[in-house]
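Each remark here refers to the structure printed beneath this line.
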């Protein structure tokens, strides 16, 4: 391309070309385009017209004219120069043509790298991502005649992908004879794909690309995080808490394939494995089960690094109550829909420890629909010092009742206990007459009609059965018509029993005051109210 310099017009002076330059790659290849440049100067200020631009080889054979030249296979092994003969309009100036000026010769033209003859190799497929360990990648370039393509280190490079570029380093060395070496290091783990390039475009070689794995450094790996990902499972020796350890090297790279050692101080918890191996994300997991409700401190550390003190996370286990015994407490209560039979349930954990004074939810059912429980199932309550829960029930039918009971969280451990509801005491007694008798007459009277005098306990149980409260009352008179002191035709509140009354000697028997349930006694000759009970 020509440039004009404005000078004073001087007639009869020839134009001049200066700065004739051949521009192109320092090591030209077949297929490259060369560009010729120069500066046109005419001291007479004549305009450039008809300058001759020539391309010549090192044998001074003219190849073409113009300011550009596309190298062909014919130029392989040759050097080229660009020559300019400056000229002006011959009708205006004389002389109109100046002397030819040439550029320096180019480097020898080489053939382009041939895809079938050029190779790409690496001495390692895996390196440690520590910025020190390296892989040497070798690019050997030859043309289609097996001639090495040399001196193009400024034009060839390795493109790469897969890992952040700011943590990858490639050092290039031109070893000569068409061999280009690249030293790869990095500080971030991953897989790097490397592809040869020529002038920024893919360069086909055998193979087309290579992969190098940058691995975390085992010598510097450690557990950087430990998390209980599944927590507070029941201590049923089946449900597992899960813990996840994250393992990185000193550069922060996830470490795949590292063995993580797990430990804890519990005497009842069991690990799913003593060691586990990290995945591609540097994660290792372990399960933990337990037979006791407690908090377990679990530690994870990298087995291969003695300098890793590890990290600790708490794994919590929820109460898992197991029904240990189910026994009858109070039994044989009357079926008056008031008196309570009781069932006593005791609980332990799977480790055999008594679960004393802990909240617990129990569920219970009866095999008879006539039963009423004091508390609705499921019932949340607190165990006593013995780890026991007492369930109370009443009935209005004389029958045997089976109660099935279990803790809500451990329904597989169920037990059954049976209680009896007996007939009402009042139904066993013959309604008494108002007449009073001494003890012997009373005893004979009952025997003669096929009955007997009641015991102290029987009369006291009757009082409890019919009384709305434990205080003084006359329910026996008002509801059942029994003679009592000044009521229902009675003279006394006390009724004879079959039991002797020791404080009064050998000729005395006990009596029960049926308005209070209290026990007293009289000499056998004294009169008292009489009631007979079925034998």
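The values are calculated or read from the model by the stated rules, or taken from the named source; none is laboratory data. None of these values were measured; they are calculated from a predicted model. Cβ: placed from backbone, ideal geometry, glycine included. Neighbour counts: every protein chain shown.
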Before we move on, is residue 18 within 26 Å of residue 94 (Cβ to Cβ) and surrounded by fewer than 20 Cβ atoms within 10 Å (Cβ to Cβ)? yes
Criterion: under 27 Å from residue 111 (Cβ atoms) and surrounded by fewer than 21 Cβ atoms within 10 Å (Cβ to Cβ) - qualifying residue of 171, 213, 220, 204: 204
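Restricting to region 319-357, count the residues that are closer than 30 Å to residue 268 by Cβ and not in a strand (DSSP E or B). Steps first, please.
Going residue by residue through region 319-357, those that are closer than 30 Å to residue 268 by Cβ are 319-327, 343-357.
Narrowing the set further to residues that are not in a strand (DSSP E or B) leaves 319-321, 349-353, 355-357.
The qualifying residues number 11.
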What number goes with the only condition from (1) crowded, with 17+ Cβ neighbours inside 10 Å; (2) touching a residue at least 60 places away in the same chain (Cβ under 8 Å) that residue 433 does not pass? (1)
Whichever residue in region 297-322 is out of contact with any helix residue (DSSP H, G or I) (no Cβ under 7 Å at 6 or more places or on another chain) and surrounded by 21 or more Cβ atoms within 10 Å (Cβ to Cβ) and, among such residues, is farthest from residue 392 (Cα to Cα): 302
Conditions (1) modelled with pLDDT of 95 or more; (2) under 30 Å from residue 282 (Cβ atoms); (3) buried (at least 19 other Cβ atoms within 10 Å of the Cβ); number of the one not met by residue 152: (2)
In the set 426, 390, 360, which member is touching a helix residue (DSSP H, G or I) at 6+ places or on another chain (Cβ under 9 Å) and in a strand (DSSP E or B)? 360
Would you be able to say whether some residue in region 104-115 is within 50 Å of the chain's Cα centre (by Cα) and either at pLDDT 95 or above or crowded, with 20+ Cβ neighbours inside 10 Å (or both)? no
Collect the residues in region 394-423 that are part of a loop (DSSP other than H, G, I, E, B) and under 22 Å from residue 376 (Cβ atoms), keeping them in residue-number order. 395, 396, 397, 411, 413, 414
Select from region 187-201 the residues that are outside any strand (DSSP E or B) and under 39 Å from the mean Cα position of the chain (by Cα) and write down the one among them that is surrounded by the most Cβ atoms within 10 Å (Cβ to Cβ). 189
Looking at region 475-519, which of the residues that are in contact (Cβ under 8 Å) with a residue 60 or more places away in the chain and buried (at least 20 other Cβ atoms within 10 Å of the Cβ) is farthest from residue 430 (Cα to Cα)? 509
Restricting to region 436-452, name every residue that is crowded, with 17+ Cβ neighbours inside 10 Å and either under 10 Å from residue 533 (Cα atoms) or without any contact (Cβ under 8 Å) to a residue 12 or more places away in the chain (or both). 446, 451
Checklist (1) more than 24 Å from residue 339 (Cα to Cα); (2) assigned to a strand (DSSP E or B) applied to residue 512, failing item: (1)
Members of region 35-78 that are assigned to a loop (DSSP other than H, G, I, E, B) and touching a helix residue (DSSP H, G or I) at 6+ places or on another chain (Cβ under 9 Å): none
